[in-house]
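The values are calculated or read from the model by the stated rules, or taken from the named source; none is laboratory data. Just so it is clear, the model here is predicted, and its values are computed rather than measured. Heads up, the Cβs are rebuilt from the backbone with ideal geometry, glycines too, and the neighbour counts pull from every protein chain shown. For accessibility, only protein heavy atoms count, side chains too; no ligands or nucleic acids. Shrake-Rupley method; radii C 1.70, N 1.55, O 1.52, S 1.80 Å.
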Amino acid sequence: MKKLLTLFVTFMLWAIFTVQNVYAENIKFVQVSDAHLSAGSEFSQKVLKSAIKDINNQPDVAFVVFTGDNINNPNEENLKAFVKIASKLKVPYYVVLGNHDVYKSNGLSKTRYYEVLRQRNILYPQRKPNYEFKKEGFVFLIVDGAKEVIPGTVGYYRKDTLNWLEDRLTKHAQKDVVIFQHFPVEYPQGMEHRIKSHKTYRVEQYQELLSKHHNVLAVISGHFHTNAEHMNDGVYHIASPSLQALPHSYKIVDIITTKEFSPIIYTQLREFEVEE
């Protein structure tokens with residue numbers, strides 16, 4: 001009897017472990033980019049509220065990432081209005097900084113930005129603009145390219161940021177990594193007329209760093225307000241349009257892994273109606 005009980009317990013543990021492993025290989029999340037919310041614009045708030053409501057109706061979403069320019073002008077009033085709406089999400093959310101989000105001389109430094117996020121949403125744990133989180137066996141990195149002293153449309157991934165990214169990619173060399181940031185390191189096609197004003201400063205250093213690591217599945221960004229996706233050296237570069245642009249949309253990303261195969265990324269640009 002004891003032998004049968006031992007076999008049963010062993011089988012149950014194996015079954016649970018197997019199911020967890022299968023589940024850990026699949027994840028669905030949402031990217032919302034360039035929401036440009038303003039406390040003085042009722043319409044921009046309606047757009048974000050409608051997006052949040054639509055996301056809450058999507059099945060199996062693990063989390064949401066706002067990939068920068070979350071507010072239209074860097075002040076606390078706008079940020080508090082943004083957090084009040086974003087906190088209606090039924091799943092955790094994470095925030096990337098964009099060029100519209102911070103301006104130290106205006107009272108909204110990067111440190112203060114994350115303080116406000118935590119004050120208005122006690123479930124928001126992050127304190128720094130570069131950070132990581134893990135879900136279902138994947139590693140997700142938030143990488144900051146915003147300037148807070150002299151803001152502008154040009155992104156800049158500082159040396160300390162690239163050193164941090166190098167450290168994270170090395171540490172998680174055996175894990176699949178997805179990077180979220182505002183400023184792309186591969187420019188979307190058809191955006192040549194905007195590259196001069198919206199480029200990423202010294203982007204070659206970032207690209208060289210990526211070429212040294214083979215665990216990055218995707219780099220997901222915003223900034224150019226366009227829908228674009230392409231593969232380069234095994235990395236899937238994904239860009240999404242502004243939430244405020246017509247038709248209003250956000251992106252749903254599914255990562256599916258089949259045994260003995262590399263993960264496959266599926267994306268859907270999800271359009272939604274703005275409710276009055």
| request: Sequence neighbours fewer than 8 away in the same chain don't count; with that in mind, list the aspartates and glutamates whose C-alpha is under 15 Å from residue 251. | output: 34, 54, 60, 229, 271, 273
| request: Collect residues whose amide H, placed 1.01 Å from N in the peptide plane, falls under 5 Å from the amide H of residue 37; neighbours closer than 5 in sequence don't count. | output: 71, 72
| note | Highest GNM mean-square fluctuation among 152, 40, 98, for the chain with Cα springs under 10 Å, belongs to 40
| request: Quick one: accessible surface of residue 170, probe radius 1.4 Å, all protein chains present, in square angstrom to the nearest 10. | output: 80
| field | Under the Karplus curve 6.51 cos²θ - 1.76 cosθ + 1.60, θ = phi - 60°, whole-Hz ³J(HN,Hα) for segment 30-35, x wherever Gly or Pro sits | value | 10, 10, 10, 10, 6, 5
| Unsatisfied cross-links (Cα-Cα over 22 Å) in the set 128/196; 28/90; 84/134; 104/128 | 128/196; 84/134
| message | Going Cα to Cα from residue 259, which aspartates and glutamates come in below 18 Å? Please leave out same-chain ones fewer than 8 positions away. | response | 25, 136, 176
| request: Please label the shape of segment 43-167 as rounded, prolate or oblate, based on the square roots a ≥ b ≥ c of the eigenvalues of the alpha-carbon gyration tensor (a/c under 1.5 means rounded; beyond that, a/b larger than b/c means prolate, else oblate). | output: oblate
| message | Quick check: the angle from helix 76-86's long axis to the longest principal axis of the chain, C-alpha only, nearest 10 degrees? | response | 30
| query | For segment 70-113, which chymotrypsin sites (Phe, Trp or Tyr not before Pro) are in a loop by DSSP, counting at most 11 other Cβ atoms within 10 Å? | reply | none
| Derived scalar couplings ³J(HN,Hα) [segment 236-242; Karplus, 6.51 cos²θ - 1.76 cosθ + 1.60; whole Hz; x for Gly, Pro] | 8, 9, 10, 10, 10, x, 5
| Residue-normalised accessible area of the chain, given per residue in Å² at a 1.4 Å probe | 52
| field | Of 48, 97, 246, the one that fluctuates the most in a GNM where the chain has Cα springs shorter than 10 Å | value | 246
| query | Excluding same-chain residues fewer than 8 positions from residue 110, which aspartates and glutamates have a Cα within less than 17 Å of its Cα? | reply | 69, 76, 77, 101, 132, 144, 148, 160
| note | So for R0 = 41 Å, FRET eff. of residue 202-residue 57 from the Cβ-Cβ r, to 0.05, ends up at 0.45
| Which shape class, rounded, prolate or oblate, goes with the chain when its Cα gyration tensor gives a ≥ b ≥ c as root eigenvalues, a/c under 1.5 marks rounded, and past that a/b bigger than b/c marks prolate? | prolate
| remark: Net charge (Lys, Arg +1; Asp, Glu -1) of residues whose beta-carbon lies under 14 Å from that of residue 152, residue 152 excluded, is +2
